[in-house]
Amino acid sequence: MRLALFDLDNTLLAGDSDHAWGEFLCRHGIVDSTDYKARNDAFYQDYLAGKLDVLAYQNFCQELLGRSEMAQLDEWHRQFMAEFIEPIVLAKGEALVRQHHEAGDQVVIITATNRFITGPIAARLGVDTLLATECEMQDGRYTGRLTDTPCFQEGKVTRIERWLKETGHSLEGAYFYSDSRNDLPLLERVTHPVAVDPDPTLREIAEQRGWDIISLR
């Protein structure tokens, strides 16, 4: 079965769900809006520049999960989906996912954003297989700590290779759709790399290498 791999943020969504979660927390006074917003924005700029310290960022964004009850987190996430995610779901992205499903392909979302944020989004998009940065859990709640290899840059290759071994799939003939320079390690591994509304660095590389460039906006 052929694989169709999708990045999530700024690929299937017209925005970044990770950064948007921070915006949601600030809007509703769940965190100190001034300090948290400044740090959230700074991490996002580092991500766009390809120099994010992913461990520092995950420590920052998962801390709240560790001190919040699961019921409260679920309630916040439902509100977050309605306010921040539904408005940025791309219809053309949904259509492309459906196209791959209808072709009999195995669709996978592979994202640096953590599973707490992205699990419900993948379900909303009709994608059952999600590889994401993982949040440690103990006794049925989050600890606030990262676990496993972050699904970021080379970490995406590490995570997909492990998944391939576990499932018997192959990258032969695979597509990978992404907007970001951060995904170059995995884009270089697939048969059909596709730059989706790419950042300037990825656009330049895609043009040089003759990769497909599309827009889902």
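The values are calculated or read from the model by the stated rules, or taken from the named source; none is laboratory data. Owing to the predicted nature of the structure, the values given are computational and were not obtained by experimental measurement. Note: ideal-geometry Cβ built from the backbone for every residue, glycine included; neighbour counts use all protein chains shown. Accessible surface is based on the protein model in full, side chains and every heavy atom, while ligands, DNA and RNA are left aside. Shrake-Rupley method; radii C 1.70, N 1.55, O 1.52, S 1.80 Å.
Take the range 149-177 and flag every residue that is closer than 19 Å to A112 by Cβ and either acidic (D, E) or outside the structural domain of N10 (by the TED database) (or both). Within the range 149-177, E154, E161 qualify.
Within the range 74-93, being open to solvent by less than 20 Å² (accessible area, probe 1.4 Å) and either touching a helix residue (DSSP H, G or I) at 6+ places or on another chain (Cβ under 7 Å) or aromatic (F, W, Y) (or both) holds for H77, F80, I85.
Looking only at residues of the range 94-107 that are within 11 Å of G126 (Cβ to Cβ) and of a type outside the set (V, I, T), we find that the one that is most open to solvent (accessible area, probe 1.4 Å) is R98. Are any of the residues in the range 9-23 open to solvent by 20 Å² or more (accessible area, probe 1.4 Å) and more than 22 Å from R124 (Cα to Cα)? Taking every residue of the range 9-23 in turn, none turns out to be open to solvent by 20 Å² or more (accessible area, probe 1.4 Å) and more than 22 Å from R124 (Cα to Cα). Pairing each residue of the range 74-88 that is closer than 14 Å to L13 by Cα with any residue that is of a type in the set (A, V, I, L, M, F, W, C) and open to solvent by 30 Å² or more (accessible area, probe 1.4 Å), provided the two are 6+ apart or on different chains, yields C-beta distances under 7 Å for I88/A14.
Of the helices (runs of 4 or more DSSP H) lying entirely inside the range 115-217, those containing at least 2 residues that are within 24 Å of H77 (Cβ to Cβ) and open to solvent by 50 Å² or more (accessible area, probe 1.4 Å) are 115-124. Note on the range 34-60: residues that are out of contact with any Leu (no Cβ under 8 Å at 6 or more places or on another chain), under 17 Å from E154 (Cα atoms) and not hydrophobic (A, V, I, L, M, F, W, C) total 5. Of the residues screened, F43 is not one that is aromatic (F, W, Y), surrounded by 16 or more Cβ atoms within 10 Å (Cβ to Cβ), under 22 Å from A82 (Cα atoms) and not assigned by the TED database to the domain that holds F152.
Scanning the range 46-73 for residues that are assigned to a helix (DSSP H, G or I), surrounded by fewer than 12 Cβ atoms within 10 Å (Cβ to Cβ) and not hydrophobic (A, V, I, L, M, F, W, C) yields a count of 1. Of all the listed residues (A56, A91, A49), the sole one being among the small types (G, A, S) and modelled with pLDDT of 95 or more is A91.
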